[in-house]
1. Just by accessible area at a 1.4 angstrom probe, what is the order of Arg286, Arg244 from largest to smallest?
2. Could you list which residues have their amide H under 5 Å from that of Leu490, counting only those 5 or more apart in sequence or on another chain, with H placed in the peptide plane?
3. Just to confirm, what accessible area per residue do you get for the stretch 140-233 at 1.4 Å probe, in whole Å²?
4. Could you list which residues have their amide H under 5 Å from that of Arg411, counting only those 5 or more apart in sequence or on another chain, with H placed in the peptide plane?
5. Could you grab the Rg to Rh ratio for the stretch 74-147? Cα atoms only, Kirkwood for Rh.
6. Accessible area of the stretch 77-209 with a 1.4 Å probe: how many percent of it is carbon plus sulfur?
7. For the pairs Lys36/Lys829; Lys67/Lys88; Lys91/Lys378; Lys67/Lys108, note any where the Cα-Cα span goes beyond 22 Å.
8. Counting only protein chains, not ligands or nucleic acids, how are Glu849, Glu293 ordered by accessible area (probe 1.4 Å), most first?
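The values are calculated or read from the model by the stated rules, or taken from the named source; none is laboratory data. These figures come from a predicted structure and were not determined experimentally. Glycine gets a Cβ as well: all are built from the backbone with ideal geometry, and neighbour counts include every protein chain shown. The protein model used for the area step is the full one, side chains on, heavy atoms only, and it has no ligands, DNA or RNA in it. Shrake-Rupley method; radii C 1.70, N 1.55, O 1.52, S 1.80 Å.
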Amino acid sequence: MLARPFNEFPRSALEGSIADRFREQVSLFAGERAVKAGAVEWTYTDLDRHSNRIANRLLAEFGDGLKPVAIAAHQGANAVAAILGAVKAGKIYVPLDFSEPDNAISAKLENASVQGILADAVHAGRGADFATPRCPVVGIEVAMSTGDASDPAIPRNPDDPVYIFYTSGSTGTPKGVFDSHRNVLHNILRYTNTLKIGADDRLSLIQSPSFSGTVSTLFAAVLNGASVYPVDVRAEGVAALAGRVRDDRMTMFHSVPSIFERLVTTGEGFPSLRVIRLEGDQAFSRHVALFQENFPPPCVLVNGLGATETGLTRQYFIEADGSTESGAVPIGFAAPDMETSLLGPDGAAVPAGEVGEIAIRSRYLACGYWRRPDLTAKAFAPCPDDPEMRIYRGGDLGRMDAHGCLTHLGRTDFRVKLRGQWVDLEAIQEAIEARSDVTAAVVTSIDGEDPGVAAYIVAGDLSTLDAPTVRQALAAEFPRHMVPRHVVFLDALPLDANGKIARKELPPPDLVEAPAEPPSGALETVLARCWCAALGREAIGRHEDFFDLGGDSLQAIDLFLSIEKSLGRRLPRSVLLEAGTIAEMAARIESLAPSPCLVPLQAEGHRSAVFCVHDVNGEVLNFRALAQCLGTEQPFYGIQSVGLDGDALPLLAVEDMARRYVDEMRAVQPDGPYHLAGYSMGGWIALEMAQQLRADGQGVALLGLIDTHAEGGPRHASVGLWIRRHMRRLTVLKPSDLVPYFTRRFANGFELLTLATRQRLFVWAVRLFGGVSARTPKWLRNPSEANVHAIRSYQARRYDGDAVLFRAEPDAWTPPDAYDGWQSLIGGKLQVRPIASQHSDILEAPQVESLATALTACLEERDG
């Protein structure tokens, strides 16, 4: 239940601007949360000031005037501030995806005639490639950190344009949809009043800023006093998204059906969600079943129809305990002030139950296509009986039942949407038929749960044409998602009685394609299991390409996490660009040298790098969230144990570990001052690294000890201590937290008891074999045992430098005496920074965000 009563979005707001409505929210909710993106959390006052600084910087750079300004930013708090800043400056913001080819970006910049490019630090370099004296790059971070924070209060008419969104056309002149303040505000009115969005709501924002789906979520939040939670899913992955939805207690989740499906199958629970919005692609009964199996009342699923040209037009509400029908989920009933009719080929309305082209009639349709009056006139027609109304026909087909419920049935042309992206089948077919070695071709879409593109080709010379050649040629001309997954060669295309291609008679690709060659060898078999899990397939051939199988950036993250878990080896995602099949990836892995200790979790950025040492497990994957919270401008390297690949022998002494880690670190950064940190046991190794660096004449600017206990010194580790600590922690837990506590910690306790036995065996093996060697049984060469052995044998020396102890609060997880002893070991200044802890690891959300904030403050102090 929401704590505050719902207030409808007033129609009077349509007579103002977006900036006017936001200004009202700032006055009402000044100190309340507006944006939370990882470790970044802003109140409405903070967001107002940041966006004001950006607005004033744009006005100083370009002056007042209703001119377009491009925005290039990854999804996050800075992107939110940039959009609002452009709106406050009275500009027309043009969000672009700078990962597109150069010619596509140049064409859009030219079509929009932008004044400049507002870019974050990640995209500033790419933006400079397109900058000219008349179109400079303005840095978002620089603009936010300097200048005038007062409201510029630039007046704008409700009918002035506010943005240009370029649709994902594949060829030809760019098509940018532009819209006005009034129409955007009415779209927010439709969402607000149908979904009851209020100040207590927390809205997910996972779409790229260049996708028009961001408009409804972003402005539905900040124009209603609610809070918005940006997540860069392409960078963080669906598992991280699930954690954010859970930990940030989001109340509304908006995505295409495929991402929702993957979110639910992470196994996380999302008790705070009250509304799930599915838009942007067709939803099926399996999505409804997932919803009803995992979300109890009063949560509702809302399947909607919207387009950049119209905003929200239809909605279909599904209760968590309602009935489910098979097939496509309807898009439901009309949103306020959005009338829908179905038209036949002659333009006349079709009766209920028959298929027709969807036509939307409203006063609040988009203004048209930027500088394309021809396309505007074709898509937006005047309404003959009301001059204030227009009718939009976008080529979508539907069927309306007798109750006025609409079902979407595809498109009238050859543009189809697969996995949320538009695919121009006709353009692909023309490109194939243009080849001199092709006699005829037809390109179709494969529907169902595993959609894709299939090309059927009649070749003139099979000896020079095969599927890889076709795909390679198309990949040079089209985006990856438009390259056919299936390439089928036929002797002739099937024709109907009129001599036209009989598409329904084309054979299913899997019946005529050559069977895929199965994986070969143990390594390929392991990789195949990882690939199948990531792509949701039962079998994959060793020569099938990851992207041809429909793989995307989110599935690539899942794939590499699975490979790391299975092989104990971390691979960069760029490997897929060079080794995109199982066979190629296996060969690449076999050719790699033993895994290095230094793992770049975030290699880019202008700040001084942080090098963080592993805990007793030797892994660094648990540092990923911390690296992300520190931001893209903070280089962050994890240091993992030797021997995780199962080949190299683990090290048995902290001194040897430190020397090895220092050598690898200095290969990246030859000279100090260095920023070192260590988590848990890793704090002791970081201490030894600092000792060795200072002995070599190198400076250590930061020695960070992250939850590193000093109780009893590094030699003290026992099952009894573990039991005593956790019995104390039970006394501070709420009754509702006891079950999750035992669920998570029982396995840890069992593992620790097992570890104690394994440790004794390890010590005997070391004595028997005189150390760890190739003769040592492989199951005793686990780096975890070696790490425990090393830390128990370590004699810590007094360190004459400074250190920072990032410690958990003793009243939550840690006994008061856990850190006693550091005062006697640190000869310089020991700074203690408490980290608020609940009932999870300090590297997990939400603790990791507090840790990142504290670590950033320390780095800024030392870097000046």
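1. Working: Arg286 60, Arg244 25 Å².
Ranked from most to least accessible, the order is Arg286, Arg244.
2. Ile457, Val458, Ala459
3. Values: 2520 Å² over 94 residues.
Averaged over the residues of the stretch 140-233, the accessible area is 27 Å².
4. Residues meeting the amide H criterion: Leu397.
5. Values: Rg = 11.8 Å, Rh = 12.7 Å.
Rg/Rh: 0.93.
6. Details: 2250 of 4370 Å².
Solvent-exposed carbon and sulfur of the stretch 77-209 make up 51 percent of the total.
7. On the way: Lys36/Lys829 34 Å; Lys67/Lys88 13 Å; Lys91/Lys378 27 Å; Lys67/Lys108 15 Å.
Violating the 22 Å Cα-Cα cut-off are Lys36/Lys829; Lys91/Lys378.
8. Details: Glu849 25, Glu293 135 Å².
Result of the area sort, largest leading: Glu293, Glu849.
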